[in-house]
Amino acid sequence: MSDTTLSKLTDYRRSERPLAAANRLWPLYGAGWDNLGKEGGTLELPIPQPGPDELLVRHDAVGICFSDIKVIRAGEKHPRIHRSMKEQPVVLGHEVALTIVEAGEHLRAQYKPGDRFIVQADIYLGGKAYAYGYELQGGFSRYSLVDWRVLNGDHGNYLVPVQPEDGYAEVALCEPWACVEASYTVLYRTHWLPGGTVWLVGDGRGVHLGQAASWHPAKVVLDVQDAAFANTVRAWAAANGVAVQEGDDGSSRYDDIVVLGHDAALCERAFPRLANGAILNLVLDAPLERSVAVDIGRMHYDHLLVAGTDSPDLSAAYIPVRTQLKEGGRCWILGAAGPMGQMHLLRALSMPARPAKLVATNLHAVRMASVQRQFARQAAANGVAIAFLSRDQFADETTFLAQKWAESDQQGYDDVVIMAPSTEAVQQAAAVVADGAVVNVFAGLARGTLVELDLNPVAARQVRYTGTSGSSIEDLRHMRDLVESRQLPTNHSVAAVAGLEGVRDGLHAVAEGRFAGKVVVYPNLSHPLPLTPLAELDKVLPSVAARLDADGLWTREAEDELLRLLL
């Protein structure tokens, strides 16, 4: 790289490069694609000037997320939008890497031009959401202002610093990756929520509290048939200062619900009553007579856990939940050809404690082919057996399920990670789990989507259903550390790149599922770059393509060359 090129990149990284003449951005004026952009394109505005308590920031890279598509489709009906979009258009883009250009006078001791950050997008102030790329102007713009809502929100400072030498794309993608990583690092309670409310409901014959006798909820709602067990609970509550409510009011939500007996209809009645972050504990004295219809979307979005035991000790279900993939185990990833599925697959292959066998499934072989090209060599190098299966390769669901069972060596899977937007796929997971398996309901299905699941393995074989959504500031910091220590190569998620003018095409590509990986936009390129798949870079930017890795994946060197050519 020439001295001039190095100087240009250094100036850019230090934010010493002169500002563009104007700020360019993509406004969204309401629901629908026709409301994206000013007359179908970007809008030019003066570059904003920071106030005393504001930062002027430059967006260096932004990933396109399917959540952006949801805002385009829903407009003001989206739960994170709280204003008139015609009067105050939304600028999307929450997977961002940014650089400080100028700090307001009250912030200059803390922030300097060239300081680099990523953003925890779920920003709250006084309990109200001000998400980046939703209520706050997002990354589909060259420049923006960051104010006190970001710097001093309910959870502290939502800016997470990164190193000057980090790649822009690799740290921008820490945001979606943090959501993936959070599903493996979450800690589930091994007791009733202190100060919470427990609903004991069902038969109750022969059941005892076990270790729960030492737990301290604020209230127990007693709705059991067995008089002896009910009296035991009343006596325990009186001795421990726990309030008792006789009977359910029909509307409350509970932090813990303990279903006693083997009544599938009661399980279905109980599930909607779970509060966010709640645990459903199935204490079965006999197998459930049929499958149970559960809201699989709520399990994901509301961070629910389904546990159980076939012991009369109701506390036996509250054993620690293993959320890391089982080392040396068998793992099935459903929906592996989508961007998030690829992240789970890459994580499974990259972390030190790996499964011995991975099975990646998807609906369409044409999408799975690119995933196989990307990951087969890495799996072989790491000693992980891997199989790539697509639904359209099989005559019917029964044959497809039989092959999945065969790929588990007819022992079932220790881990099942679900991205697939298919109720049938979720149902199949219940049929092929090993003893002690963890089913990670990560994404894919909306709230209100009912799936009939065989929950008997939850009690009889200690199978656990978990659900997580989003990430915290700590999750994002943890993900940054994994990237900067070279443990997780987030650049390998990049499937296509574009300049700011490629945002519309990139959003359409994500909406249509055109790429298995992520689309990354570089908003400050001075020369146009339409949406370009990495596989076609050699036709457009051959010197950038030459700096991809041996598997054709994105690298810091390719990014540097892109910036050298197009800044």
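The values are calculated or read from the model by the stated rules, or taken from the named source; none is laboratory data. Note that the structure is a prediction, hence the values are computed from the model and not measured. With ideal geometry, Cβ positions are generated from the backbone for all residues, glycine too; neighbour counts draw on all protein chains shown.
Table for the structure above
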item: Residues being surrounded by fewer than 22 Cβ atoms within 10 Å (Cβ to Cβ), more than 15 Å from residue 554 (Cβ to Cβ) and either in the same structural domain as residue 354 (by TED's automatic domain parsing) or among the small types (Gly, Ala, Ser) (or both) - total across the stretch 500-538; result: 4
item: Condition broken by residue 538, with the remaining ones in (1) over 21 Å from residue 12 (Cβ atoms); (2) in a helix (DSSP H, G or I); (3) touching a residue at least 40 places away in the same chain (Cβ under 8 Å) satisfied; result: (3)
item: Members of the stretch 441-457 that are within 18 Å of residue 186 (Cβ to Cβ) and either of a type in the set (Phe, Trp, Tyr) or modelled with pLDDT of 95 or more (or both); result: 442
item: Residue count for the stretch 78-90, restricted to those that are among the β-branched types (Val, Ile, Thr) and either more than 21 Å from the chain's Cα centre (by Cα) or outside the structural domain of residue 38 (by TED's automatic domain parsing) (or both); result: 1
item: Only one of 328, 277, 297 that is at positive phi and either in contact with a His (Cβ under 6 Å, 6 or more places away or on another chain) or not in a loop (DSSP other than H, G, I, E, B) (or both); result: 277
item: Flag if residue 481 is over 29 Å from residue 23 (Cα atoms) and part of a helix (DSSP H, G or I); result: yes
item: Per-region count, the stretch 331-366, residues without any contact (Cβ under 8 Å) to a residue 40 or more places away in the chain and either in the same structural domain as residue 479 (by TED's automatic domain parsing) or part of a strand (DSSP E or B) (or both); result: 2
item: Residue 328 being surrounded by fewer than 24 Cβ atoms within 10 Å (Cβ to Cβ) and not polar (S, T, N, Q); result: yes
item: Residues of the stretch 349-372 classified as more than 18 Å from residue 325 (Cα to Cα) and exposed (fewer than 13 other Cβ atoms within 10 Å of the Cβ), total; result: 1
item: Failed criterion for residue 369 (all others in (1) part of a helix (DSSP H, G or I); (2) under 21 Å from residue 434 (Cβ atoms) hold); result: (2)
item: Test result for residue 562, crowded, with 19+ Cβ neighbours inside 10 Å, assigned to a loop (DSSP other than H, G, I, E, B) and over 23 Å from the mean Cα position of the chain (by Cα); result: no
item: Where a residue in the stretch 10-22 is at pLDDT below 75 and its partner, wherever it lies, is surrounded by 15 or more Cβ atoms within 10 Å (Cβ to Cβ) and assigned to a helix (DSSP H, G or I), with Cβ under 9 Å and at least six apart; result: 17/8
item: Total residues in the stretch 469-489, condition surrounded by 24 or more Cβ atoms within 10 Å (Cβ to Cβ) and β-branched (Val, Ile, Thr); result: 0
item: Pick from the stretch 85-118, criterion of a type in the set (Asp, Glu) and within 16 Å of residue 159 (Cβ to Cβ), ranking: surrounded by the most Cβ atoms within 10 Å (Cβ to Cβ); result: 95
item: Selection status of residue 403, touching a residue at least 40 places away in the same chain (Cβ under 8 Å), surrounded by fewer than 21 Cβ atoms within 10 Å (Cβ to Cβ) and in the same structural domain as residue 334 (by TED's automatic domain parsing); result: no
item: Condition met for residue 290 (within 30 Å of residue 407 (Cα to Cα) and either among the acidic types (Asp, Glu) or surrounded by 15 or more Cβ atoms within 10 Å (Cβ to Cβ) (or both)); result: no
item: Filter pass, residue 237 being modelled with pLDDT of 95 or more, part of a helix (DSSP H, G or I) and surrounded by fewer than 14 Cβ atoms within 10 Å (Cβ to Cβ); result: no
